[in-house]
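Here is the structure we will look at, set down as structure tokens.
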Amino acid sequence: MKSNYPLVSVLINNYNNENYCVQSINSILKQNYKKIEIIFYDDFSNDLSLHKVTKLKSKKLKIIKNTIRGKNYSFNQMNGIFKSLDKSKGEIVCILDADDFFKENKIKQIVNFFKKNKQQEILFDRPFNYFNKDNIYKSSVNFKERLYKWPIFPPTSCMSFRKKSLKKAEKKIFVKNFQDIWFDFRVATYFSIKKDQFNILDDHLTYYRHHSTNYDKKFRKYF
């Protein structure tokens, strides 16, 4: 990879995703863009997640083991993302939940966008809805539409940033109020309002897994 291409840090947040986390990591290792690092943050899982991940032999993989888990899931998620951000070295950051995974050309397309759009700081791609290997379809949600005046955004795993910009946003969005407001909504709202930026690729590049423990389903029901 030519030196003028930036390092991309993929921040993977994990809690008890032993059935999915290896696939998530492998989807990064198999990218056709190779200048990457993976920061895998385990939020004190009590399953076999860490056991499986530590068996993966890759110099691109760094593991952070959290030893104290809070009681609020949304704050735990933000804490994991920003601790991983502190350890990352990439100019561009992609966020990935440990139960989701990327299409093999995603990072290359993310990099190309940021190289061509020097003033843009945030980018979304579109998700595949993944229920199982025989039930996958492209999301048809119009994310630029405001449903009942309540904004909707692609899921967390569809978000990429310039690292410096996300770091500056941290103090604005990591406010320990409104525990039912998750990272994706906070950061997307911040960049939309404060920065007037809502960039979304037309390509579906992220496999968003649907299963019984998805917290965004509970979030949408709450609102």
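Only the coordinates and a few stated rules stand behind these numbers; no lab work does. Note that the structure is a prediction, hence the values are computed from the model and not measured. As a convention, Cβ positions derive from the backbone with ideal geometry for all residues, glycine included, and neighbour counts pool all protein chains shown.
Rank-order 111-124, 29-42 by packing density, defined as the average count of other C-beta atoms within 10 Å over each peptide's residues, highest first. Write down the numbers at each step before the final one.
Details: 111-124: 15.6, 29-42: 18.9.
The most tightly packed comes first, giving 29-42, 111-124.
To the nearest 20 debye, what is the magnitude of the charge dipole of the chain about its Cα centre, counting +1 on the Cβ of each Lys and Arg and -1 on the Cβ of each Asp and Glu?
760 debye
For segment 20-137, state the semi-axes of the equivalent ellipsoid (square roots of 5 times the eigenvalues of the alpha-carbon gyration tensor), sorted largest first and rounded to whole angstrom.
So the equivalent ellipsoid measures 24, 18, 16 Å along its semi-axes.
For the chain, set up a GNM with springs between Cα atoms under 10 Å and report which of Asp184, Asp202, Asp97 has the largest fluctuation.
In this elastic network of the chain, the residue with the biggest mean-square fluctuation among Asp184, Asp202, Asp97 is Asp202.
Go through Lys59/Lys118; Lys71/Lys171; Lys35/Lys115 and tell me which ones have a Cα-Cα distance over 19 Å in this structure.
Lys59/Lys118; Lys71/Lys171
Counting each pair of different Cα atoms once, what's the Kirkwood radius of the chain in Å, rounded to one decimal?
Details: mean 1/r = 0.0566 Å⁻¹.
Result for the chain, one decimal place: 17.7 Å.
If you project the alpha carbons of segment 10-67 onto their three principal axes, what span does each projection cover, largest first, in Å?
33, 19, 17
Lys/Arg Cβ at +1, Asp/Glu Cβ at -1, dipole of the chain taken about the Cα centre: which of Asn19, Val187, Phe102 is farthest positive-ward?
After comparing all options, I get Val187.
Starting from the Kirkwood radius over alpha-carbon pairs of segment 99-159, derive D by Stokes-Einstein at 37 °C in a medium of 0.692 mPa s and give it in µm² s⁻¹. Walk me through the numbers on the way to the answer.
Details: Rh = 13.5 Å.
Calculated translational D: 244 µm²/s.
Of all trypsin sites (Lys or Arg not before Pro) in segment 150-201, which ones are in loop regions per DSSP and have a Cβ with at most 16 other Cβ atoms within 10 Å? Each step should come with its number before you reach the end.
On the way: sites: Arg162, Lys163, Lys164, Lys167, Lys168, Lys171, Lys172, Lys176, Arg186, Lys194, Lys195; in loops: Lys176, Lys194, Lys195.
Within segment 150-201, the qualifying trypsin sites (Lys or Arg not before Pro) (loop, at most 16 other Cβ atoms within 10 Å) are Lys176, Lys194, Lys195.
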